[in-house]
Every structure is written in structure tokens, then in C-alpha cells.
Amino acid sequence: MGNNLETAVTAAFKAAGCLLDASADVSTSLLNLLSGVPGTLGGAVSWAANALPSGNCGPCHIPPPCWMPRMLHQVVSYGVAGDEASLTFTITNESMATRSIKIFTTTPMAGLSSTSTVVNLAAMARTEVTITYTIPAGTTANPGTEILLWIQGCRLHFQRWIVKLGTISADTDKEVSVKDGPENLHHWYDHFYCPHPCLPQQDRSRQ
């Protein structure tokens, strides 16, 4: 009696496993079949398949929300006292309209200058804007001067530029590509965001 029951239970589990495997195969085959169908249905299925995260992302990285400023990669320059370090932005207007683009800093300091603060770019046009910083003469020790630069066009971008004191004059000219345009894709991770505004700025030092 016991052996018969064990055999029946084992067979039931095997059958259930086969059924699940078959269902998964059918679902995958159906998606593959429909993605090749021309027209709206095929396009929708292809979009749904591509919108899902890949199976090997674990754990999946969720980028910052599309409405936050876009961070450009950090740049570090080295030079001796009196050197002029430069950072050149190649800005491309990837929208279909003429756009006015502003270049500014929230860390103004002596020795920092820009070839332009506003540029007007036609659709798909590009231009270069160079930022220069002169390392103060007589500088003997410096952990690094951090400069925060902003580019405001269709989107808001920011660049963290660090100028450090080196033993020789080298590696002082850098280039950064900025592609400015609308966000036209709806990503799978857009559903993870919810607004959590900052706390009101209050003087709590006396509390």
C-alpha cells in the first residue's frame, strides 16, 4: 500500500513538472511567433519582450529617473601650478527643433572661464564649448579642485571636473560628449519611481 502511494505521488509530481515545462515552451514559442508577425500586434509583442529585463541581470540595476539631471562621467585633470587645464564639451542637439543651450557652473572661482555661456543649435547640429581653469601660481599642495558644471538644453546635464596638482604638466586637456534631446523610450524601470520630495529647508540648529 505504501509503495503504491509513493509511486503514485512521484508520478503525479513528474506529470506536473512536464506540464509546467510544456507551458513555458509554448509561451516562449508563442512570443517568438507573434514577434515576427507584421503590424501592430507583432510590434507590441516585440516591444514587450525587449522591455523586460534580461534574465542574467540579478540583481537588476535601476538607473536614476528620467526627470533627474543626467550625470556625465567624472573627469580628473592634472597639472602644475600656473597650468591651464581645459575641458571641452561637444554638444549635439538631438531634437528636431532649434534649441538654446546654457552652460554654467555652481562653483564659481577665480581662474575659471568659458568660451560660451549660451549656444543656439539647429536640429541635429553640434558645437564645442571649452571650459578652462588656471591652477593658482604658488600652489604646492592641493587635494583637488572640484568644479561642478551644468549644461541645460532639452535636458539638464551635470559634469564633475576635478583638477589636481601633478608633478609635471600633463593630461590637462579633456573632451566630453553631450547628447541633448528628448527621452522617447518608456523603460521597464520607470514603474519603480515615486515622488519623495526633499524636506523643507529649515534652521534646526536651535531646536
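Give the residue, chosen from Thr117, Thr98, Thr92, Thr107, that is hydroxyl-bearing (Ser, Thr, Tyr) and more than 22 Å from Pro69 (Cβ to Cβ).
Details: Thr117 fails: more than 22 Å from Pro69 (Cβ to Cβ); Thr92 fails: more than 22 Å from Pro69 (Cβ to Cβ); Thr107 fails: more than 22 Å from Pro69 (Cβ to Cβ).
Of the residues listed, the single one that is hydroxyl-bearing (Ser, Thr, Tyr) and more than 22 Å from Pro69 (Cβ to Cβ) is Thr98.
Identify, from the list Arg70, Arg126, the residue that is at pLDDT 85 or above and within 19 Å of the chain's Cα centre (by Cα).
Arg70
Select from the stretch 152-203 the residues that are in contact with a strand residue (DSSP E or B) (Cβ under 8 Å, 6 or more places away or on another chain) and of a type in the set (S, T, N, Q) and write down the one among them that is modelled with the lowest pLDDT.
My answer is Ser169.
The values are calculated or read from the model by the stated rules, or taken from the named source; none is laboratory data. Here the structure is a predicted model, which is why all the values come from computation and not from measurement. A quick note on method: Cβ atoms are made from the backbone with ideal geometry, for glycine too, and the neighbour counts reach across all protein chains shown.
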